[in-house]
Amino acid sequence: MQTNRIYMEAIKSGKDVRRYVRINVIGENGAGKSSLIRRLLGQDIDAVRRTDGIDIINNIQIRTSDGEWIVNKDVTEMKSADFVECGLWNFAGHKDYYATHQNFLTPHVIYLLVSDISKDSTFTYYDHDDEGFDSIGNHVDFWFDSINSLCRDSTGYKLNPPIIMVCTHSDKYESSEKLKARECEYKDNFDRNIRFHKKGGHMRRDLHFISNTKSDEKDIQALKEDISKLADSMDYFAVALPTKWIQLELKLSNLKNSNTNILPFEEIRKRAQEILPDEKELLSFLNYQHTIRNILFFEDIRDYIILNPNWLVKCFGCLVFNERYNERSDKTSSPTERYQMKNTGELTDEIIDLMFEKDPDIASGQYKTYILAVMERFGMIVKLQRKASDNDGCQISKSYFMPSLIKKQLISVKTIKKICRTIACNASPWLTLEFEFLSLSYANHILFDYLREYTIWERDSVDVATYHSVLMDLCEKIEELGGQLKQNINYQIKAKCSNGDYSKMSGRISLEELTEACEVGQYLCGEHSCMHKTDEMKKTWISLDNTTNAISY
Ligand SMILES: Nc1nc2c(ncn2[C@@H]2O[C@H](COP(=O)(O)OP(=O)(O)OP(=O)(O)O)[C@@H](O)[C@H]2O)c(=O)[nH]1
Ligand SMILES: [Mg+2]
Ligand SMILES: [Zn+2]
C-alpha cells in the first residue's frame, strides 16, 4: 500500500480483517456473460440485454462453512464471520469498451472468462486490432495477456489473479458425441496455446462447458462450488485494515446502495468527520479505495468523488459510437460533426454536450468539466492541443479525441517514401518496440503523448545523442504509464533498415542480434535478404545497450 506511514498510524488505533470477493466476468460480446451471471444468481435469462459498460452486482454472499451462495439477503442481518461479501462485475464485451475496461481490471480478483464454444477457436497471431479478433481463441489469448499484465509475482507455476474458464453454448451440438468431440478439440487447442505457456499459470480448476439455455442446475452448481473453493483457497482476499477505514467503507457502500453515484469532496469530508476527521488520513483512505476501484478519486482533481465506477463508464458509454448512441447522435448533431467523429474519433464540445444531455442519469451540466478531466486521466478521451487553422496561430482546438474510435491507418512505406522524396529528406532506420503484450489503453496513451509533444523537426543531420534522447523519452514514458496503469510490460528495442517495411516482422533486429550477425562491417537483412552496412544501423536507435526492458509492478 502506498499510503504506508498513515496506514501504519491508523492501524495502531484498531484493525480488522476485511474479506471481500470480487469476481470480474469478462469475454467476448454475446458469449453469454450476463446470461451466466443470471443463472448463477438463480434468475431467468429471458430479459437479458447487451451490457453497456460495467454492471456491478453486490448483495451476494458466500457462506464459508459450505461455499453456498446467498443472494439478495439483507446485508446487515448477515454480518458475521460465516459470510463473505461478494461482488460480480459484468464487463461489456463490446470492443469499444476494451481500452476503458483495462482501467478497471485489478489484481485481487477472481476472473471468470466466458467464451462461446461454438465459435472458431483457432489461435493465430493477433495484434489486438480489428482484423485480429476474428476467432474466439484470440479473444481468450487477449484476456489471458491482459490479466497476466496484472501479475505481481511471476515465480512459481500458479499465477495470480486466478482465472476460471467457462465455455457456453454447448447446446449448439446436436448429439453428446459431437459435443464431446468439440470439447476435446477446444481443450487441446487451449492447452497448446495457453495452458502450457507461462500465462496458463493463471488458469485454475477445469474448463467448464455449459449451456445457459439448456444446462441443468448441476452444472451451474458445480461452477459456483469451484468459485467458492477458489475464493476459500485465496483466503477470501482477506486484508487487515484500520477499523475506521472499514467503517467508512461501509458508510460509502450504503450511499452507493441508495443510488448516489457522485458526491462533492466536501460532502464526503463532512460525512466522514466523525470517523476520519484527519484530512491526510481521509485522503489515504480514498486513495486506497481508488486503487481497488471501489470508488474513483483523484487527489489533484478532487472536486468530486465517484462512488460508483460504473457511472463513469456509463458517461463514457454515452460517447461511444455504438448502435444506441449512433442513433442518438444522428438526430442531434450536424452531418460534418458526425462524419468527423466517425472517421477521426474527434468529439467537439457541442457533440459532448448533446450526447451527455440525452442520458438523464448523468445530469452532466453540473459535472461536465469534472467528468471530462477524469476520463482524460483514464485515457478514455484525449485532448490534442493544435491549431484550428494554419493562419490562426493562437486558436487552440477545444475538441477531444476518443482513441477507441480512431480507425487504425497503416501508412504504407510507399506513401512515406513519396512524402520523403517531395521534401527531399533522408530516412533513418525504423525504430520498433516489440511488446510481449501491449494493451490498447497503453498504445493509445503512447500515441497521443507523441502527437501532443512532438512536431516535425527539420535537421541537417541527426546525431546519436538525438536518437538517444528520443528513445529515452519514449522509454521513460512507458515506465511512467506502467506505474499509472499498474501493468507489467516487457518489450524489446529493435531497428530495421530504412528501406524496409516497418509493419513486417522480418528484418527487425536488436543490438545483440546485430552484433552477432555482423561480418566485416555488414549484416544480412531479414527482409531484403542482402547485406547492409552494420554502422548505418548501429549509429542510430540501437547504439545503447538496453535491448530488453521489463517493468514489473
Ligand atoms: N443457445 C445459447 N444461447 C445463449 C447461451 N448463452 C447466451 N445465449 C444467448 O446469447 C445472447 C447473448 O447473451 P448475453 O448473456 O447477453 O451475452 P454477453 O456476453 O453478456 O454479451 P455482452 O453484454 O454484449 O458482452 C442472448 O440472446 C442469450 O440468450 C447459451 O449457452 N446457449
Ligand atoms: Mg452482457
Ligand atoms: Zn533491409
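The values are calculated or read from the model by the stated rules, or taken from the named source; none is laboratory data. Note that the coordinates shown come from a computational prediction; the quantities given were computed from them, not determined experimentally. Because the Cβ atoms are built from the backbone with ideal geometry, glycine has one as well, and the counts that use them run over all protein chains shown. These area figures cover heavy atoms from the full protein model, side chains too; ligands, DNA and RNA do not enter into them. Shrake-Rupley method; radii C 1.70, N 1.55, O 1.52, S 1.80 Å.
Tabulated results
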read-out	value
Strands (runs of 3 or more DSSP E) wholly inside segment 480-550 that include at least 3 residues being farther than 30 Å from Ser441 by Cβ	522-524, 531-533
Residue match in segment 118-126 (condition: at pLDDT 90 or above and either within 16 Å of ligand 3 (Cβ to nearest atom) or hydrophobic (A, V, I, L, M, F, W, C) (or both))	no
Helices (runs of 4 or more DSSP H) contained in segment 226-322 and holding at least 2 residues closer than 21 Å to Val21 by Cβ	243-257, 279-291, 309-319
Test: residue in segment 446-464 that is farther than 18 Å from Ser428 by Cα, touching a residue at least 40 places away in the same chain (Cβ under 8 Å) and among the acidic types (Asp, Glu)	no
Looking only at segment 199-222, and only at residues there that are buried (at least 16 other Cβ atoms within 10 Å of the Cβ) and more than 17 Å from Pro162 (Cα to Cα), the one that is nearest to ligand 3 (Cβ to nearest atom)	Phe209
Residue pairs meeting the criteria (Cβ under 8 Å; at least 6 apart or on separate chains; first open to solvent by less than 10 Å² (accessible area, probe 1.4 Å), in segment 28-39; second hydroxyl-bearing (Ser, Thr, Tyr) and more than 6 Å from ligand 1 (Cβ to nearest atom))	Ala31/Ser115
Boolean, Ala222 is assigned by TED's automatic domain parsing to the domain that holds Val109, hydrophobic (A, V, I, L, M, F, W, C), assigned to a helix (DSSP H, G or I) and more than 25 Å from the chain's Cα centre (by Cα)	yes
Leading residue by the ranking (surrounded by the fewest Cβ atoms within 10 Å (Cβ to Cβ)) among those in segment 160-175 that are of a type in the set (Val, Ile, Thr) and within 16 Å of ligand 2 (Cβ to nearest atom)	Val166
Answer residue from segment 7-27, given it is charged (D, E, K, R) and open to solvent by 20 Å² or more (accessible area, probe 1.4 Å) and is nearest to ligand 1 (Cβ to nearest atom) among those	Arg19
Residue list for segment 451-472, restricted to those being open to solvent by 70 Å² or more (accessible area, probe 1.4 Å) and part of a helix (DSSP H, G or I)	Leu451, Arg452, Glu453
